[in-house]
Amino acid sequence: MLRSSVGPDRRAAVRAATARGGRGPAAVTLSTAVITTMIAALAACGGVGSGGGGERSGGGASLTTMGFGLPDEIATVRVDAFKKANPGIALQINEGQFDEQAFLSAVAAGSPPDVVYLGRDRIGSYAARGAIQPLDGCVAEQDVPVGDFYPAAQQQVKYDGKWYGMPEFYNSIVLVVGDKAAKDAGVDPAEIDTSDWERLAELAEKMTRTEGGKIERFGFYPKLPEFLPLWAKANGADILSADGRTSRLDDPKAAEALAYAHRLVEAQGGWTKLKAFTDTFDYFGEGNPFVKDQIGAMLTEQFVVTAMAGTTPDVKITVLPFKDRQGNPVNNVGGNAWVVPKGAKNPDAACAWIKTMTAADTWIAAARARAAKRAQEGKAYTGTYTGNAKADEVIFSEIVKPSGKKPFDDAVKVIRSVQEAGFVVPQSAAAAAEFKKAWEDAATRVLQGEQQPADALERAHTEAQKAIDEATS
Amino acid sequence: MRRLRPETRWAYVFLLPWLIGLVVFQAGPMLASLVLSFTRYDLIGAPEFAGTANYARMLEDPRVSRAIGNTVVYTLLHVPLAIAFALALALVLNRVTGRAAGAFRTIFYLPSMTPYVAVGVLFLFLLNGQAGMVNQFLALFGIEGPQWTTDPDWILMGIVLMSLWNLGSTTIILFAALRNVPRELSEAAMIDGAGTWQRFRAVTLPMISSALFFVVIINTIASLQMFDQVYTMFFGNQVAQQSYGDAALFYVVYLFQQAFQFLHMGYASALAWVLFLVIAAITLVQVKVGNRLVYYEAEEHAG
């Protein structure tokens, strides 16, 4: 989610990292020692956990999860379904966001949770390091209908030809337009087309409003650096080879896309001001930037739209597909997945859990519960976008009903229509974090005016390729 | 072997819990990290010996030089400014007498009670170039403030500004030293016709020089290890990590990224050890130089 903040564990680490105060020169070393301690304390656990991948343990079944919470009926209904089907398994849900340090130290110490909920883009890096185990056995033994998942979601949970996770949600990227901004610029919001880059740039400038050096409305927010893969794709470039081994960040088309997006930002007031402006937004509150007319149009994940259906159902927006320069929809999808760590005590129960949580029937039951709850509250139900195509079929044909709020009813259709255009950046082995950091930093350098797009991406390409080579050597 | 006297033996017994703690939680892990700094280690597999590769890599890593640059600039700006401000505050506090004195001392110390993470988040709001109070204040004087949180040329300045929020400890130490300056020295100077500045320069400053020296050292160390607030402001969540680049990359932040984001534990250990040695060296130089500048007899006078 956009608002994810510092997790409690990291906060503790942060606090520990800098011990300070009135100690004498003799204590010179203490704070450094604390940092080294953090590293070494984790290190000391190394090598213990060699429980092995396919270990099976019988009786007294229990199941511990990590990274998953129970915030709403979408979660609880599915958990209840699992409990009902598996009354013999003692379930322990450790609520809270996924915390990489906690996860890896648990794996290193040989006492990992049985099943972990995390972002799909991390799977390749953990699979390459052997921190999570392949699920091919699970898929075969328990007949998991993997064909039900969207192809892009399937691709993202596979590594080296093996299943390493099962996908949960399926987040699409769409273009959200503020109707007032479009009308102020003399354009029908429904007519906006992102395939014509020249006209889009003109429109962006027209929709921007500044007063006395202050940004009042950001005309078109291209959502860089985070959406660079999407912009590259819209210009016909993939930033990584399909096998995840070769960086394609030096593709001139990627540089062209970045240069264009940068030009957009410059023409609207410059990155430093616009970024400071967007830092003040609260996308999920009643004072979201569309209600406050602070955004003309922006690219965003669909959950920003569905959140608005709940918080500000009367907002005047138009949701459109983001189109590439040929006029075809382009959509960088993502979401979470369930994985089983190396050394998990009860992989069979974990498999049953994963199967239940991602099955079409379970999703449909959860969606029905959500629809009933929304109806009770007198609010529109705009659907649950699962990784399971079969479930979505039923959800959107039988459960989601027109709400009478045209912007959201139309939005549902648009989001559904771009799902099959979904693509993912391939899993880049153990260097996923470095690869991502390389292009994010490159785009940031361009936006900040430190480097030209082609130079920045060339440097990112060198950094990324070096990291990938080191990780795979 | 010489037999220990009973008191000495008991002293060791009472020291034992601390000694065990030191060995198990400080010295042990430090040694382990020294060993790790010569390996490739990603937390999951077993460490592989890598010789001095991690140290060699630091020399080639452009981010290391950027991080060192940022950290040094910050330290050079923060330490003098922090001590000047803290000294000014301490001098003001020293003037306040009567019942208000306690209240003022508490108020001056309060900012130090704020958790660093909270300070980081707070200043992200205050410094925001579009909606922050700092620029609103500057606008009162017709100044268009910079984009403190997003302009790479100003991010470091914003961090220095934030660091001046937290002067409580330094102020209290200097204030205590000022309280110890014997009044009769000042009075004698006054009788001899010395003005306010002369008395401050020739009497007060030498008398508190040992305390000043001490706060220079602890502030230098703290600056070189700057982490909490910066991490919270510019790296604390995923969106933040994507959008600020290297302008706020401090040495310890980079160390943390290498260790816990990229899982290069060996490299991070090497970074930690280099920082440790650099701080030890800087402190050694400061002590050598300080011995020539500090007037240690002040303590005897005060006593």
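Descriptive notes on the structure:
- Segment A:147-236 holds strands (runs of 3 or more DSSP E) entirely within its bounds, and those carrying 2 or more residues that are without any contact (Cβ under 8 Å) to a residue 60 or more places away in the chain map to A:209-211.
- With respect to (1) surrounded by fewer than 17 Cβ atoms within 10 Å (Cβ to Cβ); (2) closer than 23 Å to A:Thr272 by Cα, the lone exception for A:Arg209 is condition (1).
- Test: B:Gly129 is surrounded by 14 or more Cβ atoms within 10 Å (Cβ to Cβ), outside any helix (DSSP H, G or I) and free of Cβ contacts under 8 Å to residues at least 40 places away in the same chain: yes
- Just one of (1) free of Cβ contacts under 8 Å to residues at least 24 places away in the same chain; (2) surrounded by 13 or more Cβ atoms within 10 Å (Cβ to Cβ); (3) closer than 30 Å to A:Lys273 by Cβ; (4) not acidic (Asp, Glu) fails for B:Leu161. It is (1).
- Only one entry in B:Ala202, B:Ala222, B:Ala194 is without any contact (Cβ under 8 Å) to a residue 60 or more places away in the chain, in a helix (DSSP H, G or I), more than 19 Å from the chain's Cα centre (by Cα) and more than 18 Å from A:Asp441 (Cβ to Cβ), namely B:Ala202.
- You will find that of B:Thr106, B:Thr114, the residue that is modelled with pLDDT under 90, of a type in the set (Val, Ile, Thr) and over 30 Å from B:Asp153 (Cα atoms) is B:Thr106 and no other.
- Residue within segment A:393-405 that is in the same structural domain as A:Thr312 (by TED's automatic domain parsing), farther than 18 Å from A:Thr246 by Cα, among the hydroxyl-bearing types (Ser, Thr, Tyr) and modelled with pLDDT under 95 present: no
- Set B:Ala259, B:Ala247: member being in a helix (DSSP H, G or I), at negative phi, more than 18 Å from the chain's Cα centre (by Cα) and facing chain A (nearest Cβ under 9 Å): B:Ala259
- For segment A:398-410, filtering for residues that are touching a Lys or Arg at 6+ places or on another chain (Cβ under 9 Å) and of a type in the set (A, V, I, L, M, F, W, C) leaves 1.
- Within segment A:260-274, residues that are more than 8 Å from chain B (Cβ to nearest Cβ) have Cβ atoms under 6 Å from residues that are of a type outside the set (A, V, I, L, M) and not in a helix (DSSP H, G or I) in these pairs: A:Ala261/A:Pro222; A:Leu264/A:Pro222; A:Gln268/A:Thr208; A:Gln268/A:Gly219; A:Gly269/A:Thr210; A:Leu274/A:Phe218, counting only partners at least 6 apart in sequence or on another chain.
- Subset of segment B:1-39 (residues that are outside any helix (DSSP H, G or I) and touching a Pro at 6+ places or on another chain (Cβ under 7 Å)): B:Thr39
- Scan segment B:38-90 for residues that are among the acidic types (Asp, Glu) and either touching an Asp or Glu at 6+ places or on another chain (Cβ under 8 Å) or surrounded by 14 or more Cβ atoms within 10 Å (Cβ to Cβ) (or both) and the total you get is 2.
- Residue check, A:Ala242 small (Gly, Ala, Ser), modelled with pLDDT of 95 or more and out of contact with any Ser or Thr (no Cβ under 8 Å at 6 or more places or on another chain): no
- Annotation note: of A:Ala232, A:Ala261, the sole residue that is at pLDDT below 95, buried (at least 20 other Cβ atoms within 10 Å of the Cβ) and assigned by TED's automatic domain parsing to the domain that holds A:Ala181 is A:Ala261.
The values are calculated or read from the model by the stated rules, or taken from the named source; none is laboratory data. All values reported here derive from a predicted model rather than from experimental measurement. All Cβ positions, glycine included, derive from the backbone under ideal geometry; neighbour counts span all protein chains shown.
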